[in-house]
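Here's the structure we're looking at; comments come further down.
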Amino acid sequence: MSATNEPDFDWVQASSLLGEDPDQVEPDMIAIVVELIESSETRLKELKAMNAATGRAAINSLAHQLRGSLLNFGFTAVGEVLWDIEKREYLPSEYPALIEKAQAAFDSSKKILGERYTSLGIS
């Protein structure tokens, strides 16, 4: 979290794709961001349903894919948690808290992206 209690977000990366004017994002890019948000929600639900005791390889793969997609649009706070899920050693009992942390970071990041880039129509 930053000093303003917002999650870390790479605004340079986001603006390189979305443009400098938050009120004038291209319709094609809006569709891509909406798809990113929807698919990320689905992937987070898939991760939440996985068993860390028996499915670590599948968890690592999905966390890696999701992290890459989100980092392309500046979601660094979520990327950090997903990196932990993918790469760090943790007990299976710690997994649910990691997923909740990823979900919370995603929700907060999605909110601040929507607040800055109002033309995206996300909240």
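Worth pointing out:
- For the chain, the 222 nm mean residue ellipticity estimated from helices alone, with every DSSP H stretch of n ≥ 4 adding -39500 (n - 2.57) and the total spread over all residues, rounds to -22000 deg cm²/dmol.
- Ellipsoid semi-axes in whole angstrom, largest first, where each is sqrt(5λ) of the Cα gyration tensor of region 1-84: 27, 16, 10
- Over region 32-123, equivalent-ellipsoid semi-axes from the Cα gyration tensor in Å: 24, 12, 11
- Carbon + sulfur, % of accessible area of the chain - ligands and nucleic acids excluded, 1.4 Å: 53
- Per residue accessible area of region 1-102, 1.4 Å probe, in Å²: 56
- Anchor LYS48: aspartates and glutamates whose Cα lies under 18 Å away (excluding residues fewer than 8 positions away in-chain): GLU38, GLU80, ASP84, GLU86, GLU89, GLU94, GLU100, ASP107
The values are calculated or read from the model by the stated rules, or taken from the named source; none is laboratory data. All of these numbers come straight from a predicted model, not from anything done at the bench. Ligands, DNA and RNA are stripped out before the accessible areas are found, and what is left, the full protein with its side chains, is counted by its heavy atoms. Shrake-Rupley method; radii C 1.70, N 1.55, O 1.52, S 1.80 Å.
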